[in-house]
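*Asks:* The structure is given below, and queries will be raised subsequently.
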Amino acid sequence: MQNSSTNNNYIGRFAPSPTGPLHFGSLVAAVGSYLEAKTNHGKWLLRVEDIDPPREVKGATKNIISTLEQFGFEWDEHITYQSRRYEIYQEYIDQLLHRSLAYSCGCSRKEIAKTATRSANGLIYPGTCRIGLGNKEPRSVRLLTENIDINFHDLVQGVIIQNLETESGDYVIKRADGLYAYNLAVVIDDQLSGITDIVRGHDLLACTCQHIYLQRVLHFDTPRYAHLPIAINKSGQKLSKQNLAKEIDTHNKAQALFNALTFLNQNPDKQLLESDLDSIWNWSIENWNIGAIKGVKEKPAIDP
Ligand code: GLU
């Protein structure tokens, strides 16, 4: 299909968690990241974020990959599976502990809830274990943050500023159940895959400053970011597996792709629906304009 020469100046990715099949919201993230990579003659990588077995749904990885294939997505290189990379994550945890940039925390959720302040992003850990565990058993590992503002320019959402101390606090990079946190793995994998551009859902905007802080601590590059609007259901909730978002209908892929483009303000011509999936892809690559989405945070899903 859309074969043109690719370059390494742009490497994008799509990073689904196998917590259920692809729904309209995840299709939008896949389409947006794909088209942005293609129109920049870049690569587009696929990474399965299967680091949270308790939330994983059996068969979801296979299902997601098969749906992407049926839609005609073509990824470069091998698929990365986070579940095969625990040793790498542990090396970075060890490095951060060794450099005193992270510390073991023995607080339970209940203890934290008693003393923590709250920000729009959730509870702010009060830093109790910064000075040591006392007689507590180590549970999680937290990254030591500073009272600084992190800011970046998001291609869709504009300038974002977050104070790490008041809006994030020392956050978990290895969980009390021994699993590696998304906030750690995503930063390591994006760096090791050479990702230059991250296009994903607006729900992840709130943790992006945490990612940038960790990139700086580890002397990693900071990619460019673009956060697309998230799709919400009739009750105003983000489509997710938890609220039983419908699986994308692969019987009518042209319509689903058309809907994703409409959702992303690309204004596709209705006549496109009379042509095949390949023609819609070709139209998308010729006409894609991420600028048309400027500032939109959420929109109702177009999910017939
Ligand atoms: N795995 C995340 C999700 O499915 C996306 C992570 C990312 O794009 O950084 O919501």
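The values are calculated or read from the model by the stated rules, or taken from the named source; none is laboratory data. Everything quoted here is computed from the prediction, not taken from an experiment. Reconstructed Cβ throughout: ideal geometry from the backbone, glycine too, with neighbour counts over all protein chains shown. Only protein heavy atoms, including side chains, enter the accessible area calculation; ligands, DNA and RNA are left aside. Shrake-Rupley method; radii C 1.70, N 1.55, O 1.52, S 1.80 Å.
*Asks:* For A37, which of the numbered conditions (1) among the hydrophobic types (A, V, I, L, M, F, W, C); (2) in a helix (DSSP H, G or I); (3) over 24 Å from Q191 (Cβ atoms) fails to hold?
*Replies:* Among (1) among the hydrophobic types (A, V, I, L, M, F, W, C); (2) in a helix (DSSP H, G or I); (3) over 24 Å from Q191 (Cβ atoms), the lone unmet condition for A37 is (3).
*Asks:* Listed residues V48, V31; which is in contact with a Phe, Trp or Tyr (Cβ under 7 Å, 6 or more places away or on another chain), open to solvent by less than 20 Å² (accessible area, probe 1.4 Å) and closer than 21 Å to I248 by Cα?
*Replies:* None of the other options fit; the residue is V48.
*Asks:* Please work out which one of (1) under 20 Å from L96 (Cβ atoms); (2) open to solvent by 40 Å² or more (accessible area, probe 1.4 Å) is the condition S140 fails and give its number.
*Replies:* Every listed condition holds for S140 apart from (2).
*Asks:* Assuming G106 fulfils every condition listed in (1) open to solvent by less than 20 Å² (accessible area, probe 1.4 Å); (2) in contact with a strand residue (DSSP E or B) (Cβ under 7 Å, 6 or more places away or on another chain); (3) within 23 Å of Y171 (Cα to Cα) apart from one, which condition is it?
*Replies:* (2)
*Asks:* Okay, next question. So D76 passes all but one of these: (1) touching a Lys or Arg at 6+ places or on another chain (Cβ under 8 Å); (2) within 16 Å of the ligand (Cβ to nearest atom); (3) farther than 19 Å from A185 by Cβ. Which condition number does it fail?
*Replies:* Every condition holds for D76 apart from (2).
*Asks:* Would you point out which residue out of K58, K43 is among the basic types (K, R) and under 27 Å from I285 (Cα atoms)?
*Replies:* Working: K58 fails: under 27 Å from I285 (Cα atoms).
It is K43.
*Asks:* So, one more: When the stretch 45-97 is examined, which residues are found to be closer than 17 Å to R13 by Cβ, assigned to a helix (DSSP H, G or I) and acidic (D, E)?
*Replies:* E69, the sole residue that qualifies.
*Asks:* How many residues, within the stretch 176-193, are open to solvent by less than 30 Å² (accessible area, probe 1.4 Å) and more than 27 Å from E36 (Cβ to Cβ)?
*Replies:* Within the stretch 176-193, residues that are open to solvent by less than 30 Å² (accessible area, probe 1.4 Å) and more than 27 Å from E36 (Cβ to Cβ) number 2.
*Asks:* Considering each of N243, N282 in turn, give the residue that is within 16 Å of the ligand (Cβ to nearest atom) and open to solvent by 20 Å² or more (accessible area, probe 1.4 Å). Full working, then the answer.
*Replies:* Details: N282 fails: within 16 Å of the ligand (Cβ to nearest atom).
Exactly one of N243, N282 is within 16 Å of the ligand (Cβ to nearest atom) and open to solvent by 20 Å² or more (accessible area, probe 1.4 Å), namely N243.
*Asks:* Looking at (1) touching a strand residue (DSSP E or B) at 6+ places or on another chain (Cβ under 7 Å); (2) closer than 17 Å to V199 by Cα; (3) hydrophobic (A, V, I, L, M, F, W, C), which one does F73 not meet, given that it meets all the others?
*Replies:* If we test F73 against (1) touching a strand residue (DSSP E or B) at 6+ places or on another chain (Cβ under 7 Å); (2) closer than 17 Å to V199 by Cα; (3) hydrophobic (A, V, I, L, M, F, W, C), just (1) comes out false.
*Asks:* Quick check on my filter: what residues within the stretch 144-173 are open to solvent by 80 Å² or more (accessible area, probe 1.4 Å) and under 21 Å from the mean Cα position of the chain (by Cα)?
*Replies:* Listed by number, the residues that qualify are N151, H153, V159, I161.
*Asks:* A further question follows. Restricting attention to the stretch 23-56, which residues are within 10 Å of the ligand (Cβ to nearest atom), in contact with a Ser or Thr (Cβ under 8 Å, 6 or more places away or on another chain) and in contact (Cβ under 8 Å) with a residue 60 or more places away in the chain?
*Replies:* Once the filter is applied, which keeps residues that are within 10 Å of the ligand (Cβ to nearest atom), in contact with a Ser or Thr (Cβ under 8 Å, 6 or more places away or on another chain) and in contact (Cβ under 8 Å) with a residue 60 or more places away in the chain, the stretch 23-56 yields G25, R47, E49, I51, D52.
*Asks:* Give just the number: which of (1) at pLDDT 95 or above; (2) more than 22 Å from the chain's Cα centre (by Cα) does A113 not satisfy?
*Replies:* Unmet condition: (1).
*Asks:* In addition: Quick one: how many residues across the stretch 120-137 are surrounded by fewer than 16 Cβ atoms within 10 Å (Cβ to Cβ) and either over 28 Å from the mean Cα position of the chain (by Cα) or among the small types (G, A, S) (or both)?
*Replies:* The total comes to 10.
*Asks:* Considering only residues that are among the small types (G, A, S) and within 17 Å of V57 (Cβ to Cβ), look in the stretch 5-22 and name the one that is farthest from the ligand (Cβ to nearest atom).
*Replies:* Within the stretch 5-22, the match that is farthest from the ligand (Cβ to nearest atom) is G20.
*Asks:* S17: outside any helix (DSSP H, G or I), among the small types (G, A, S) and more than 18 Å from the chain's Cα centre (by Cα), yes or no?
*Replies:* When the stated conditions are applied, S17 does not pass them.
*Asks:* Oh, and also: Kindly indicate which of I161, I173 is in contact with a helix residue (DSSP H, G or I) (Cβ under 6 Å, 6 or more places away or on another chain) and closer than 30 Å to Y34 by Cβ.
*Replies:* Values: I161 fails: in contact with a helix residue (DSSP H, G or I) (Cβ under 6 Å, 6 or more places away or on another chain).
The conditions single out I173.
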